[in-house]
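Novice: The structure under discussion is supplied below as structure tokens; questions concerning it will follow.
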Amino acid sequence: MNGPSCRQLDDYLDGTLTDGALAAFEAHIDQCDECRGSVVQHREMVRLLQRGVDQFEAVPPLWIDRTKRAMRRHDHRRRVRLVAGLTTAAVLLIGVGMALRWQRTAVDENNAVVESNGHDNEPARTTPAAKSRVRVSVLNPDEAIAVPIETKSENVTIVWIYPTVKVVATGAATSETDVAE
């Protein structure tokens, strides 16, 4: 396959040889075993490929349409869930921010609740603190101090209980139980 005619094998297989060149190459094939083997091998490969194409079954158009519709529904649902989630997150962030900004409460030195609406130029509203409904009793009132702490819920009050401290003659402060011993 080194001769000048062997170089025309690709043109012959592609069907691009002129009539005169085609007749000359066919005469060459009868004499060249390598070119004849290449032509036979090429024709067998084309035959096998054509057989595979003939056995191939096309996908029915109904299946294609169903698959496309299912993919569009899936994409639409995913986008809806994403938008709903982002919207919910934004609303929650805005709500928390507004709640923190507008609901600032504190207790002043007169035990009154001071509410600020977040604007510096408007005066703050002051309302008297609610009276505590908590009653704390200890065996000896001289031994403890009970301090009720109001919470935002009217049904909940936190009570801190502190032991009292007595001053002894040496000037050191100890609890009353230490003095009794």
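Novice: Quick one: which of 51-64, 83-96 comes out on top by average Cβ neighbours within 10 Å, and what's the full order, highest first?
Specialist: Highest mean packing first, the order is 83-96, 51-64.
Novice: Most exposed first by the Cβ proxy, i.e. fewest other Cβ within 10 Å, how do ARG36, ARG47 rank?
Specialist: Lowest to highest Cβ neighbour count: ARG47, ARG36.
Novice: Check which residues have an amide H placed less than 5 Å from ALA144's amide H, if you skip close sequence neighbours.
Specialist: THR164
Read-outs: derived from the displayed coordinates by stated rules, not from any lab. Note that the structure is a prediction, hence the values are computed from the model and not measured. Don't worry about glycine lacking a Cβ; one is built from the backbone with ideal geometry, like all the others, and counts go over all protein chains shown.
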